[in-house]
Amino acid sequence: HGPELVSPTGTPTGEPEGSRSQSGDFLTTAQGARLQDTDHSLKAGRRGPTLLQDHHLREIITHFDHERIPERVVHARGAGAHGVFQSYGTGTGLTRAGFLAPDVETPVFVRFSTVVGSRGSADVVRDTRGFAVKFYTDEGTFDLVGNNIPVFFIQDAIKFPDVVHAAKPHPDREIPQAQSAHDTFWDFVSLHTEAQAHTLWFMADRGIPRSFRMMEGFGVHTFRLINNEGATALVKFHWKPVMGVHSLVWEEAQIVNGMDPDFHRRDLADAIESGNFPSWELGVQVFPDVEDEMYEGIDLLDPTKFVPEELAPVQMLGRMTLNANPKNYFAEVEQVAFHPGHLVPGIDASNDPLLHGRLFSYLDTQISRLGGPNFGQLPINRPHAPVNDMLRDGMHQSADYAGVAPYKPNSLDGGCPFHAGIDAGAFIDVPQAVQAGKKERANPASFNDHFSQPTLFYRSLTPTEQDHAAQAYAFELGKCYEQTIRERQLTALANIDADLCRKVAAELGLPVPVATEPPAEQIPSPAVSQLGQSWPVA
Ligand code: HEM
């Protein structure tokens, strides 16, 4: 099979090569030379000056000077854990992905995160949480890079830098570290009303989870599964915490953040260390792979929409258990690199325009964050499947590639035969019709409905949860300096639910605006009329 890859790339697990045991009788330099003294720099006489020839001193200081790498542009603060995914085998009719076959166990690494705050920010803030899982499968690495909220702010990747710039701290004061308490955030979501659905989800209690162990996870986008016969289905991925979904109330969160800003990462590490292993079931909502990519009137390519479970129940595929804490936070939690394009045979991307932007973004950002294109060779990112690629050289290359002909076909090193058909591997494009039309910068009409789903979600909350959401809006909007922004957001709330709008307006001491959209009941959305109040929030 062509040029062999020599380690470390492709070396299946075990103790990572190059790991430092930090034990032994002697301290050494980075080159392995024994050191006799590491407490004093070399000086000309006891009172100096210090000598430039002291390589040991310069090696220590130089390495220290370069210890920090850039934090992630989003999701900078996170905590991670290792675990195992056990497949129930219930997914075999849906997908040929080997890790979902009966009785297969796959090692995983998970990173939970907040989105907006910097690496040193507090855990228990009102924000979306990242829920990224790396499955080290026998057929290559599969990353499910999800969030704890099933919908996203925007519909098109071209808007991602804008929404992040609006949510990040103001450029002048560098505050706040949380997502929602400032003018630019509310300016953005009140002007770009497709963001109202996601905003409501984290104004409600899910914005302050009690624990990472008690959060749901969602792949958000629709994916396409392909089975052994080549039949396809559209799916949305869900993680269901075995402990149930729980949140903190706002007052609890304030106390917790003050007493222990590391509350979530401590909770995760302590639980695992004490043998109280957190666990989630992985499931999918399954939709027929029909040409218009709609289900019950809901556009499956619109990432601001979710499909209520009453319309498409979640079918469980397996269970993930986190059973080991990282040994080295930097090597594992910081250096891990997830990518929504890390797919395995049997799982494919849909045409969601947000997902397509993500497929470009993660590799691009990681080249800068992790210093060049070879971060896949780091122990935490190494696939557990054999690697035989034609990628060569680059910064921080640590693989020693054998062979002289990294191209196919070649007549020097032998070579892999080309494979065709459904068995050929990952990235096999399902022959899907491409919609005819002209090139244009425009959304499908179904993307223009921004309010029926927030209305549906709000009315499914219990009265207590509705009150919490109203109080959250009042608190966060109360921190805006610009009155016009508050008023514009109140109009968005009027479009979601008149009662919600009234409560928030009363708290802010502002008049109740008139809705600019027809009431949700009149929007021809089967989801609203069929579901009423029945969203099952724990
Ligand atoms: C992290 C871009 C939407 C979930 C990141 C990072 C970038 C990024 C650049 C930092 C990655 C790194 O440094 O390793 C984007 C873009 C998006 C988008 C361009 C839309 C166009 C989403 C959505 C979700 C999501 C919809 C959830 C479904 C995450 C998670 C992380 C992350 C969980 C943290 C991964 C980790 O723990 O290392 N994103 N993102 N992102 N993103 Fe996105």
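Here are some notes:
- Exclusive hit being over 30 Å from HIS396 (Cβ atoms) and modelled with pLDDT of 95 or more, set GLY83, GLY45, GLY78: GLY45
- Cβ-Cβ under 9 Å pairs, at least 6 apart or on other chains, the stretch 460-483 side under 22 Å from GLU310 (Cα atoms) and outside any helix (DSSP H, G or I), far side at pLDDT 95 or above and of a type outside the set (S, T, N, Q): LEU461/ALA204; LEU461/ASP205; LEU461/HIS468; LEU461/ALA469
- Meets criteria (outside any loop (DSSP other than H, G, I, E, B), more than 17 Å from ARG129 (Cβ to Cβ) and within 16 Å of the ligand (Cβ to nearest atom)) for PHE188: yes
- Of all residues assigned to the stretch 361-371, none qualifies as being within 8 Å of the ligand (Cβ to nearest atom), of a type in the set (A, V, I, L, M, F, W, C) and assigned to a helix (DSSP H, G or I).
- Among residues of the stretch 334-349, those that are within 13 Å of the ligand (Cβ to nearest atom) and either assigned to a loop (DSSP other than H, G, I, E, B) or surrounded by fewer than 20 Cβ atoms within 10 Å (Cβ to Cβ) (or both), counted: 9
- Being more than 30 Å from LEU301 (Cα to Cα) and either in a loop (DSSP other than H, G, I, E, B) or in contact (Cβ under 8 Å) with a residue 24 or more places away in the chain (or both) holds for only one residue in GLY275, GLY230, and it is GLY275.
- Selection count where residues are closer than 30 Å to TYR329 by Cβ and out of contact with any helix residue (DSSP H, G or I) (no Cβ under 8 Å at 6 or more places or on another chain), scope the stretch 394-420: 3
- Residue within the stretch 381-397 that is within 12 Å of the ligand (Cβ to nearest atom), surrounded by 21 or more Cβ atoms within 10 Å (Cβ to Cβ) and either within 18 Å of the chain's Cα centre (by Cα) or without any contact (Cβ under 8 Å) to a residue 12 or more places away in the chain (or both) present: yes
- Hey, ALA197 surrounded by 17 or more Cβ atoms within 10 Å (Cβ to Cβ), within 16 Å of the ligand (Cβ to nearest atom) and either in a helix (DSSP H, G or I) or modelled with pLDDT under 95 (or both) or not: yes
- So VAL104, is it touching a Gly at 6+ places or on another chain (Cβ under 8 Å), surrounded by 24 or more Cβ atoms within 10 Å (Cβ to Cβ) and among the β-branched types (Val, Ile, Thr): no
- Residue match in the stretch 434-445 (condition: part of a helix (DSSP H, G or I) and either hydrophobic (A, V, I, L, M, F, W, C) or surrounded by fewer than 18 Cβ atoms within 10 Å (Cβ to Cβ) (or both)): yes
- Close contacts from the stretch 309-338, counting a first residue that is closer than 23 Å to ALA97 by Cβ and a second that is within 16 Å of the ligand (Cβ to nearest atom) and assigned to a helix (DSSP H, G or I), with Cβ to Cβ under 7 Å and a gap of 6+ residues or different chains, come to VAL336/ILE380; VAL336/ASN381; ALA337/GLN366; ALA337/PHE375; ALA337/ASN381; PHE338/TYR362.
The values are calculated or read from the model by the stated rules, or taken from the named source; none is laboratory data. Everything numeric here is computed off the predicted structure, so don't read it as measured data. Methodologically, a virtual Cβ is constructed for each residue, glycine included, from the backbone with ideal geometry; neighbour enumeration extends over all protein chains shown.
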